Amino acid sequence: MRTIPDSIHQLINKSNQTINDVDWFIPHSANMRLIEPLCEKLEFLKLFKY
């Protein structure tokens with residue numbers, strides 16, 4: 001979990017983008033307990049609540 005936000009930031013930076021340029025973030029996990037903290041660390045707006 002700790003390396004995922006760093007990896008995402010590296011990928012975004014390599015593509016000369018910012019997190020604000022990302023419209024959708026679709027993690028491969030069915031576990032909201034993993035997805036929510038990841039989105040918080042990335043400062044990604046959570047649009048859906050389950």
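Put His9, His28 in order of accessible area, highest first, and with a 1.4 Å probe you get His28, His9. Only Cα sites of the chain enter the Debye sum here, all with the same form factor; the resulting log10 I(q)/I(0) across q = 0.14, 0.20 1/Å is -0.34, -0.70, listed in q order.
Measuring with a 1.4 Å probe in the full set of protein chains, what accessible area per residue, in whole Å², belongs to the chain? The partial results should precede the final answer.
Numbers: 4650 Å² over 50 residues.
For the chain, the solvent-accessible area averages 93 Å² per residue.
The length gained by stretching the chain between Ser7 and Asn20 to full extension, at 0.36 nm per residue less their Cα-Cα distance, is 3.1 nm. Using a probe of 1.4 Å, the accessible surface attributed to Lys41 totals some 120 Å² when neighbouring protein chains are kept in position.
The values are calculated or read from the model by the stated rules, or taken from the named source; none is laboratory data. The model shown is predicted, which means the values in this text are computed figures rather than measured ones. Please note that ligands, DNA and RNA were not included when accessible areas were found on the heavy atoms of the full protein model with its side chains. Shrake-Rupley method; radii C 1.70, N 1.55, O 1.52, S 1.80 Å.
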